Amino acid sequence: MKSYRKELWFSVPQRRQMVNITGQVRECLRESGIREGLCLVNAMHITASVFINDDEGGLHQDMEVWLEKLAPEKPHSQYRHNNGEDNADAHLKRTIMGREVVVAITDGDFDFGPWEQIFYGEFDGRRKKRVLVKIIGE
Amino acid sequence: MKSYRKELWFSVPQRRQMVNITGQVRECLRESGIREGLCLVNAMHITASVFINDDEGGLHQDMEVWLEKLAPEKPHSQYRHNNGEDNADAHLKRTIMGREVVVAITDGDFDFGPWEQIFYGEFDGRRKKRVLVKIIGE
Amino acid sequence: MKSYRKELWFSVPQRRQMVNITGQVRECLRESGIREGLCLVNAMHITASVFINDDEGGLHQDMEVWLEKLAPEKPHSQYRHNNGEDNADAHLKRTIMGREVVVAITDGDFDFGPWEQIFYGEFDGRRKKRVLVKIIGE
C-alpha cells in the first residue's frame, strides 16, 4: 500500500467563496503515482468545506443565497458562539456543505461522473487556510 | 491490496424517489471477494445522493416534505441556475442528503448497525443515471 | 494492509447531546498500530451522527437551536414516521450533521487541522447506542 499527503493553502479575499480545486487535487494524484485507491480531500478548518458539485456560476450564487437563508450570518448577536467572534454562521454553513469528500481512483485518475468537480467552500475567509489531500492505494 | 469497481444504473420514473440499493451493493461486495476494507458508494451525478438511513416509508415521505421545505423546487425562476434548466433544487437537496457513504467491510460483509440501509436518492429523475461502487481492501 | 475495528458504546442521559469522542477514537488508533491510512468513524444508528467541528459550548448550543429550527421535534404528529415512534426529527437532524467522518492517518496520528475534534451527536438518546471505528492502512 502506498500513501500520499499534501496540504493545499488558500487565501480567499472575501468572507465567502467557492473555489474549484479539481486541477490542484488531480496534480496531487499524479504526484502520488497511485493508480487504484481512495482519495480523501477535507477542509482542515471547521469554517470551511470541501464538496463536489457543478462548476456553474448561477448555481454558486443560488447556494450563497440558500446558505444565508438556512444559516444567516447576521445579526451576529443571534449566536452564542459569537462572543469575541463573528463566524458561528460559517460553522453551520460548512455543516450543510460537508467537511470532506472521498473520491475513487481508477486507472490513475478520479473516477468521476460527467459533471463532478471538487470545490473548496470558504465561509470565513480573508486569511490563510488549508485543505488536506490524503491518498491511499497502489 | 485488492480493488473493485462497478457502476450501478438507475432510471427512476419520477422526478424524486428513494431507492434501497443495499442488495445491489452487497452483490458487488460478494463479487469483489474483499473481506476487510472500505466500500465507497457515491452518486456520479450532482443532482442525486447516496445516503444511509431507515427503510421506512413514512420517513421517506417526511424527507420529501422536509427537503421541499428547505430547498423548494418551485417557482423554478427563484434560482439563477434555472436558465434553460429546472433542477437547481435538486443540486441543493442532494447537498443536504450527501453525495456518498463510506461503509466498513468486516469479515466479508458490511459492518452495519441494526437498521442501516443504503439508498439512492434521486432528485432529478426520468433519465438514466449512475452510482459508483468502489471497494478497496483484501 | 492492516485493518482494525472497534465499537464504542454510548448511553446519553438526554434526548440530544454532543459528546467529544476524539480521545476514545485516538485510543483505537494507538491500539491498531496503524501509522498511514484512513480511519472511518460512523454512527451505527440512524438517529445519531458522527461529525467534526469545534469543541466550543456556545457553538453546540447554537447547533441545538439551529437543528430545532430546521427539523423541529414537536409536534410529533407532523411526521408520518411518528406512528408508534417519536423520533422522526432525529433522523432528519442526523441527516444534516452527517453519519460519518473519514480522517487521514499520517505518522501514527490523526492528520487534523488546529481545531478539528470528533463528536458523537445523539438526537434520540436515553438508551445504549454504538459508534464504529474502522481503520485500514499499515
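Restricting to region C:17-56, give me the number of residues that are out of contact with any strand residue (DSSP E or B) (no Cβ under 6 Å at 6 or more places or on another chain) and within 19 Å of A:ALA71 (Cβ to Cβ). Spell out the reasoning first.
Going residue by residue through region C:17-56, those that are out of contact with any strand residue (DSSP E or B) (no Cβ under 6 Å at 6 or more places or on another chain) are C:23, C:26-27, C:29-31, C:33, C:35, C:47, C:53-54, C:56.
Still in the running and within 19 Å of A:ALA71 (Cβ to Cβ): C:53-54, C:56.
Total meeting the criteria: 3.
Looking for whichever is in contact (Cβ under 8 Å) with a residue 12 or more places away in the chain, within 21 Å of C:GLU100 (Cα to Cα) and either of a type in the set (Phe, Trp, Tyr) or open to solvent by 20 Å² or more (accessible area, probe 1.4 Å) (or both) here; the options are B:GLU36, B:GLU7, B:GLU64, B:GLU31. Which one fits?
That would be B:GLU36, the only listed residue that is in contact (Cβ under 8 Å) with a residue 12 or more places away in the chain, within 21 Å of C:GLU100 (Cα to Cα) and either of a type in the set (Phe, Trp, Tyr) or open to solvent by 20 Å² or more (accessible area, probe 1.4 Å) (or both).
From the set of residues in region C:43-61 that are in contact (Cβ under 8 Å) with a residue 12 or more places away in the chain and among the acidic types (Asp, Glu), which is farthest from the other protein chains (Cβ to nearest Cβ)?
It comes out as C:ASP55.
Could you list, in sequence order, the residues of region B:20-42 that are assigned to a helix (DSSP H, G or I), within 14 Å of chain C (Cβ to nearest Cβ) and among the charged types (D, E, K, R)?
Across region B:20-42, there are no qualifying residues.
Might you let me know whether region C:69-77 holds any residue that is over 15 Å from the mean Cα position of the chain (by Cα), in a loop (DSSP other than H, G, I, E, B) and of a type in the set (A, V, I, L, M)?
yes
The values are calculated or read from the model by the stated rules, or taken from the named source; none is laboratory data. All of these numbers come straight from a predicted model, not from anything done at the bench. Counting neighbours? That spans all protein chains shown, and the Cβs are built from the backbone with ideal geometry, glycine included. Just the protein is used for accessible areas: all its heavy atoms, side chains included, with ligands, DNA and RNA removed. Shrake-Rupley method; radii C 1.70, N 1.55, O 1.52, S 1.80 Å.
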